[in-house]
Each structure stands twice: as C-alpha cells, then as structure tokens.
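Enquirer: Pasting a structure here, questions to come.
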Amino acid sequence: MNTIYTLTDNIITSLGFTTESNFNSLKNGISGIAQTFDPKITQTPMFTSLIDSEMLKNEFTQYGDRVDYTRLEQMMILSISKALKQTNIDTKSGNTIFLFSSTKGNIDLLENRRQNFSRERINLWALADEVCRFFKNPVKPVIISNACISGVSAIITAAHLLQENKYSNAIVCGGDIISEFTPSGFQSFKAISSNPCKPFDASRDGITLGEGVGTLILTSNKNLVTEKNPIIFRGGSNSNDANHISGPSRTGDGLFFAIQNALIEAGKENKNIDYISAHGTATQYNDEMEAKAIALAGLEDVPVNSLKAYWGHTLGAAGIIECIAGIHSIKEKCIIQSLGYHDLGVSVPLHIITKFENKEIKNFIKTASGFGGCNAAVYFSELNAD
Amino acid sequence: MENCITKYCIINPEEVIVDGNIEYKNTDGNPFGEFMKSVYRHFDIKYPKYFKMDNLCKIAFIASEIILKDNEKIKETAPNKIGVILQNSHSTIDTDTEYAATIIDKSNYFPSPAIFVYTLPNVMIGEICIRNKFQGENTCFISKEFDIEFISDYVNNLMDSGKIDKCIAGWADYVENNYKTMIFLVEKINENQKDNISFKPENLKKIIKQGE
C-alpha cells in the first residue's frame with residue numbers, strides 16, 4: 001500500500017494566519033479566546049475565539065475579490081493558497097483532489113439575507129465548488145459533514161483515497177465560522193462555558209466555540225517530499241456510540257473502537273504512543289467519556305492534552321488544525337501544555353500535560369467525538385518510527 | 001466473499017419500493033408528514049422516538065427500519081462491525097431554516113435545543129445507530145447528487161479492509177417537501193451465487209432508475 005506523507009499545512013484562527021504564528025502561541029501558552037459582546041453573535045457576553053475581519057479582508061484582497069466569496073470561502077481559499085505556496089502541487093491536475101469538512105458551511109447566508117449570493121450557495125457542495133473553481137481543480141471534491149469529527153474524518157478519507165491510488169495529492173480543508181446560529185444552539189443546551197474552557201479540569205463547565213480553518217496537504221508522491229524523516233498517516237477509523245444523539249457514551253466504548261481500529265490499520269502492535277491530542281471539549285460528559293476510552297485502550301499513561309483552550313472548539317476545522325499541531329509537535333520536538341487544566345476532573349488518572357516541554361516525540365493519536373454519537377481516531381508517526 | 005445488496009428500499013413522494021416491488025403508494029398524494037406516518041403504520045414500525053425526529057432523520061430512519069425488519073441474523077454480527085454510510089445534498093437546510101426562525105426576532109427569541117440538535121446531517125446516522133446498536137464506521141458525505149461511484153468505492157473499501165462486515169449505505173435528502181431516500185443493506189456473501197447483486201455502480205444505477 002502507498003505511504004501517505006504529510007506535505008504542508010496552514011492554520012487560520014484568532015492566533016494568526018499561518019501555522020507558525022499559531023504554533024508559536026501554543027508553545028507560549030497564549031490563547032486566542034476573548035469575550036465578545038457582538039450582538040450578531042450572541043445576546044449575552046460570551047467567550048469565543050474569532051478571526052480578525054480586517055486582517056482577513058487585507059489578506060484576501062491579495063488573492064481575490066471579496067464580493068465574490070463568503071466569509072468561510074475567503075478563509076478557505078486563503079488557507080489553501082498559503083499551504084500550496086510551500087509545495088509544487090498542481091491544483092489544475094486530475095491527480096489532485098480536494099476534501100472539505102464543515103458542520104455548517106455558509107450558514108451566515110441564512111441569517112443575513114442582504115448578502116448577494118444565490119440561495120443555492122448555502123449548500124456545502126456550492127461552497128466546495130467555488131473553492132475548487134478558484135484553484136481550477138477538475139476533480140469532484142469530497143465533502144464531509146460529520147459534526148465535530150468532520151476534520152478527522154476528512155483526513156482519514158483523504159489518506160484512504162491516496163492509498164487506493166485514485167489520486168496522488170489530497171488537499172484537506174476544513175472550517176466553520178461563528179455567526180449567531182451555532183452559539184445560540186449551544187447556549188440553548190447550556191453547554192457554553194462561562195469562562196475560557198477548561199478541558200479535563202475539575203471545574204470545567206462547558207465548551208468555548210471558535211472560528212477557524214485548517215488545510216493539510218497529503219501526498220503519495222515521494223518526489224514531493226523534501227524532509228528526511230517526514231511524518232506519515234498510519235491509520236484512522238470512525239465509530240459510533242449508538243447511545244444518544246446529543247450526549248456521548250457513558251462507557252467510552254465507541255471511541256475505544258475507533259482508536260483500536262486506527263492502531264490495527266497502522267500495524268501498531270506495541271503501545272508506545274508518545275502523545276494523544278484529545279478532543280477535550282470541556283463538557284462534563286465528553287471529557288469523562290474520552291478518559292474512559294483512553295483507559296479502555298490501555299493508554300492512560302500517555303501524555304495527553306486538549307488544544308480547545310487556545311482556539312476554542314472550531315468544529316469543522318478542529319480535527320485538522322489539531323492534527324497539524326500534532327505534526328508540528330513531532331517536527332519541533334515538543335509537547336504543548338493542556339491550557340485551562342489544573343486539577344484532574346475525570347475518573348481516570350490521565351497524564352495531562354501541565355507545562356510546555358521540549359521532548360522528542362515520534363508519533364501521536366488524535367481523537368474526536370461529536371453529536372450523533374460519532375467518534376474518530378487517527379494515528380500519525382515519523383516515517384522511520386517503529 | 002463478495003459485497004452484495006441483500007435488501008434495499010427507495011422512498012419518494014409517490015411510493016415505497018422494497019427490493020424492486022412497490023410495497024406502498026401515496027395514493028392520496030399526502031404531504032410528507034402524513035405520508036410518512038402512514039408508511040410507519042403500514043410497515044408496523046414501533047419506535048416512539050421517531051416522532052421527535054426532523055424530516056431528514058424520519059425518511060432515513062423509516063427506510064432503514066424497512067430493510068432491517070425481522071432481520072434477526074444481523075444481531076449475530078458484532079456492533080462495531082456494522083457501519084452506516086450515507087450521502088445527502090441539502091444537509092439539514094429545512095431544520096436550519098426552522099431553527100434560524102427561533103433566533104432572528106430578538107423580541108421573540110427562543111432557540112430550541114430540540115431543533116438545534118437536528119441541524120447536523122450525520123444525526124440521521126446516529127439515529128439509525130442508536131436504534132440498532134450499530135457501532136461501526138459512520139460518515140455523512142455531502143454531494144449535489146447521489147454519487148454512486150464514490151459511495152460504492154468507499155463502502156467496498158471499508159468492507160474489504162475488514163473494518164466492517166455489514167453496512168447500511170445510501171442516500172437521504174429532504175428539502176421543502178421534496179425528498180428521496182435510497183438505502184441499501186450490504187453484506188458479504190459467498191461469491192458467484194445466482195441471485196447476488198454486488199454493490200457496484202452498474203447495479204446501483206439500475207436500482208435507482210426504479211425510483212425515478
């Protein structure tokens with residue numbers, strides 16, 4: 001089977017418009033979460049992580065005309081363009097496929113009808129078509145809307161398409177915007193944290209939402225790889241709790257199945273996992289469920305963090321930007337502090353990373369879980385690791 | 001072993017087709033809600049949670065109930081070896097619109113968690129998984145039209161890789177009283193049996209034609 005290499009990437013969030021600026025903030029324990037009073041987003045003050053609209057405007061103008069693209073399309077085009085700059089992939093080639101992950105896509109069009117876009121544009125396939133057209137890509141894109149696991153699902157799907165030799169390169173781009181739609185829904189569930197979220201902490205009281213886009217480019221073409229010891233996709237899998245549409249399993253068995261299948265696919269027989277990038281939304285039930293799943297997999301001694309207190313929960317982007325952070329943790333030989341965590345608040349004694357550390361890691365597992373009971377796990381490692 | 005369609009169900013505003021036979025007709029031309037309620041009764045479905053679901057979930061759920069009816073054998077397969085892979089065009093646009101109406105007027109602001117939870121298209125997969133205790137691979141893809149090449153490739157790969165042994169696969173879409181679902185039960189069967197319908201684009205094309 002083809003080896004699937006990670007090639008280049010980009011992250012656009014409140015912490016900047018490059019992977020470098022985002023990862024530097026993570027290394028320094030800097031969060032992009034702030035309180036917003038914007039009535040277009042929330043009727044009561046709320047902590048969230050938003051992309052600077054002025055900065056988006058200034059940067060996007062270098063690539064295209066703002067009136068032609070929605071906010072999310074602008075973010076995606078910008079992110080993909082920046083990721084592509086670092087490599088020689090030809091997006092006009094039939095060898096390159098785009099995959100998109102989003103929960104709500106252009107949902108702002110539903111709330112603000114003054115925007116001059118056709119009714120059709122609210123559909124995720126219309127958004128994907130616009131972005132593909134910008135890059136003159138001739139291949140029908142793959143679009144995944146799998147709640148909060150969408151990003152991880154898209155990476156796994158992309159890797160499997162490349163393994164089957166259907167295409168040589170996959171551009172995986174995921175994102176969601178923050179309008180009033182999603183915050184009001186989570187508020188109605190009383191699931192929004194009254195402070196920046198505190199994953200796995202004893203005093204955690206809910207999620208913080210965030211806006212973001214991430215792009216990860218994968219390839220099976222070894223000639224495009226410049227690094228000596230590149231990071232590769234090894235395995236990935238999805239599962240379902242079959243328990244409740246809006247509440248995670250009480251046992252963690254669903255997520256455990258996903259982790260197990262990802263490691264089986266990777267041919268990873270030993271338990272030498274260096275790092276787990278957890279979903280860690282900071283709701284009571286999610287973090288507890290995840291802790292139990294990690295224990296079922298026998299991985300409770302592995303260093304684990306959640307990055308949600310840096311970016312908030314960025315929905316369709318989360319799985320992608322958190323995988324990118326994992327990849328850079330390997331490259332820069334470090335592990336990132338699980339921000340917001342002080343005292344263990346789950347029933348399994350997890351090894352939560354309490355401070356930034358320079359440390360060699362060779363592999364990691366990224367997990368995700370979402371509404372509808374879905375779970376996903378993906379495993380990446382250096383090419384020359386076990 | 002070959003990945004074969006062992007049962008399928010197509011529902012459109014006119015009829016319910018099961019394995020090629022028209023099993024129920026919307027003779028009175030009823031709107032969606034009424035029609036689905038009569039289908040629910042006709043096929044003797046018993047699941048009170050159905051009445052809480054949004055229309056997209058309802059149509060996907062009913063088709064899944066019809067193809068799994070009286071299938072005791074599927075319970076012998078491990079829950080994590082049964083997948084649900086569906087595709088859809090308009091995501092949850094009807095429910096999104098209904099939910100948005102609860103937040104647009106600030107003097108009448110009542111965001112509803114019961115509606116909000118149905119603003120994610122993969123929730124239809126979750127409903128089918130909960131009902132049947134299926135815990136395997138599950139993904140919701142979005143495509144303007146049912147992409148049979150993609151879905152058959154994707155499902156066959158999952159089954160050939162050993163991740164799952166059985167799969168509920170297909171299409172479900174609902175927008176403004178236009179709706180259609182085409183759902184297939186795919187199982188591994190001994191090769192070259194006379195009646196096998198392998199889960200391949202050419203067979204799917206033929207089947208889909210029946211519901212047009």
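Enquirer: Among the residues of the stretch A:168-188, write down those that are surrounded by 22 or more Cβ atoms within 10 Å (Cβ to Cβ) and more than 29 Å from B:Tyr118 (Cβ to Cβ).
Expert: A:Asn169, A:Ala170, A:Ile171
Enquirer: Also, I was wondering about something else. Filter the stretch A:1-20 down to the residues that are free of Cβ contacts under 8 Å to residues at least 12 places away in the same chain and loosely packed, with under 14 Cβ neighbours inside 10 Å and list them by number. Step through it out loud before you land on a result.
Expert: Initially, the stretch A:1-20 is screened for residues free of Cβ contacts under 8 Å to residues at least 12 places away in the same chain, giving A:16, A:20.
A:Glu20, the sole residue that qualifies.
Enquirer: State which residue pairs qualify: first residue at pLDDT below 95 and inside the stretch B:146-174, second residue among the β-branched types (Val, Ile, Thr) and in a strand (DSSP E or B) in any location, beta carbons under 8 Å apart, and separation of 6 or more residues or different chains.
Expert: Close Cβ pairs satisfying both conditions: none exist.
Enquirer: Further question: Filter the stretch B:113-143 for residues that are at the interface with another protein chain (Cβ under 8 Å from one of its Cβ atoms) and surrounded by fewer than 17 Cβ atoms within 10 Å (Cβ to Cβ); which is nearest to the chain's Cα centre (by Cα)?
Expert: My answer is B:Lys133.
Enquirer: Would you confirm, using the coordinates I've provided, whether A:Leu78 is surrounded by 15 or more Cβ atoms within 10 Å (Cβ to Cβ) and either in a loop (DSSP other than H, G, I, E, B) or within 22 Å of the chain's Cα centre (by Cα) (or both)?
Expert: For A:Leu78, the condition - surrounded by 15 or more Cβ atoms within 10 Å (Cβ to Cβ) and either in a loop (DSSP other than H, G, I, E, B) or within 22 Å of the chain's Cα centre (by Cα) (or both) - is met.
Enquirer: Of the residues that sit in the stretch A:330-382 and are touching a strand residue (DSSP E or B) at 6+ places or on another chain (Cβ under 7 Å) and within 14 Å of chain B (Cβ to nearest Cβ), which one is farthest from A:Arg204 (Cα to Cα)?
Expert: Going through the qualifying residues, I end up with A:Val378.
Enquirer: For the structure I just gave you, tell me whether A:Cys148 is of a type in the set (A, V, I, L, M, F, W, C) and in a loop (DSSP other than H, G, I, E, B). Even if it seems obvious, please write down each step before you answer.
Expert: Details: of a type in the set (A, V, I, L, M, F, W, C): yes; in a loop (DSSP other than H, G, I, E, B): no.
So A:Cys148 fails the test.
Enquirer: List pairs: first in the stretch A:315-334 and closer than 11 Å to A:Tyr275 by Cα, second basic (Lys, Arg) and surrounded by fewer than 24 Cβ atoms within 10 Å (Cβ to Cβ), Cβ under 7 Å, 6+ apart or cross-chain?
Expert: From residues that are closer than 11 Å to A:Tyr275 by Cα, the pairs are A:Ile330/A:Lys362; A:Cys334/A:Lys27; A:Cys334/A:Lys359.
Enquirer: Let me ask another. For the subset of the stretch B:93-112 comprising residues that are surrounded by fewer than 17 Cβ atoms within 10 Å (Cβ to Cβ) and among the aliphatic types (A, V, I, L, M), which member is modelled with the highest pLDDT?
Expert: Among residues in the stretch B:93-112 that are surrounded by fewer than 17 Cβ atoms within 10 Å (Cβ to Cβ) and among the aliphatic types (A, V, I, L, M), the one modelled with the highest pLDDT is B:Ala101.
Enquirer: Right, here's the next one. Is there a residue in the stretch A:140-152 that is facing another protein chain (nearest Cβ under 8 Å) and over 18 Å from the mean Cα position of the chain (by Cα)?
Expert: Let us first name the residues in the stretch A:140-152 that are facing another protein chain (nearest Cβ under 8 Å), namely A:140, A:142-147.
Next, from what is left, pick out any that are over 18 Å from the mean Cα position of the chain (by Cα): A:140.
Among the residues of the stretch A:140-152, at least one is facing another protein chain (nearest Cβ under 8 Å) and over 18 Å from the mean Cα position of the chain (by Cα), which makes the answer yes.
Enquirer: Taking the stretch B:41-90, which residues are of a type in the set (Phe, Trp, Tyr), over 29 Å from B:Lys188 (Cα atoms) and crowded, with 16+ Cβ neighbours inside 10 Å?
Expert: Kept after step one, since they are of a type in the set (Phe, Trp, Tyr), are these residues of the stretch B:41-90: B:43, B:47, B:50-51, B:61.
Okay, now just the ones that are also over 29 Å from B:Lys188 (Cα atoms), so B:50-51.
If the condition is that a residue be of a type in the set (Phe, Trp, Tyr), over 29 Å from B:Lys188 (Cα atoms) and crowded, with 16+ Cβ neighbours inside 10 Å, then B:Tyr50 is the only one that fits.
Enquirer: Let me ask you something else. Cβ-Cβ under 6 Å, sequence separation 6+ or interchain: first residue in the stretch A:239-253 and at the interface with another protein chain (Cβ under 9 Å from one of its Cβ atoms), partner assigned to a strand (DSSP E or B). Which pairs?
Expert: Every condition considered, the pairs that remain are A:Ser239/A:Asn375; A:Asn240/A:Cys374; A:Asn240/B:Asn138.
Enquirer: From the list A:Gly214, A:Gly174, A:Gly236, which one is assigned to a strand (DSSP E or B), within 12 Å of another protein chain (Cβ to nearest Cβ) and either closer than 30 Å to A:Gln86 by Cβ or under 17 Å from the mean Cα position of the chain (by Cα) (or both)? Reasoning before the result, please.
Expert: Details: A:Gly214 fails: within 12 Å of another protein chain (Cβ to nearest Cβ); A:Gly174 fails: within 12 Å of another protein chain (Cβ to nearest Cβ).
None of the other options fit; the residue is A:Gly236.
Enquirer: Any idea which of (1) facing another protein chain (nearest Cβ under 9 Å); (2) under 11 Å from A:Thr70 (Cα atoms); (3) of a type in the set (Lys, Arg) is the one A:Arg121 doesn't satisfy?
Expert: A:Arg121 satisfies all of (1) facing another protein chain (nearest Cβ under 9 Å); (2) under 11 Å from A:Thr70 (Cα atoms); (3) of a type in the set (Lys, Arg) except (1).
Enquirer: Just to be sure, is A:Ala191 within 12 Å of chain B (Cβ to nearest Cβ), surrounded by fewer than 24 Cβ atoms within 10 Å (Cβ to Cβ) and either of a type outside the set (Lys, Arg) or over 30 Å from B:Tyr50 (Cβ atoms) (or both)? First the steps, then the outcome.
Expert: On the way: within 12 Å of chain B (Cβ to nearest Cβ): yes; surrounded by fewer than 24 Cβ atoms within 10 Å (Cβ to Cβ): yes; either of a type outside the set (Lys, Arg) or over 30 Å from B:Tyr50 (Cβ atoms) (or both): yes.
Spelling it out, A:Ala191 is indeed within 12 Å of chain B (Cβ to nearest Cβ), surrounded by fewer than 24 Cβ atoms within 10 Å (Cβ to Cβ) and either of a type outside the set (Lys, Arg) or over 30 Å from B:Tyr50 (Cβ atoms) (or both).
The values are calculated or read from the model by the stated rules, or taken from the named source; none is laboratory data. Note that this is a predicted model, so its numbers are computed, not measured. Note: ideal-geometry Cβ built from the backbone for every residue, glycine included; neighbour counts use all protein chains shown.
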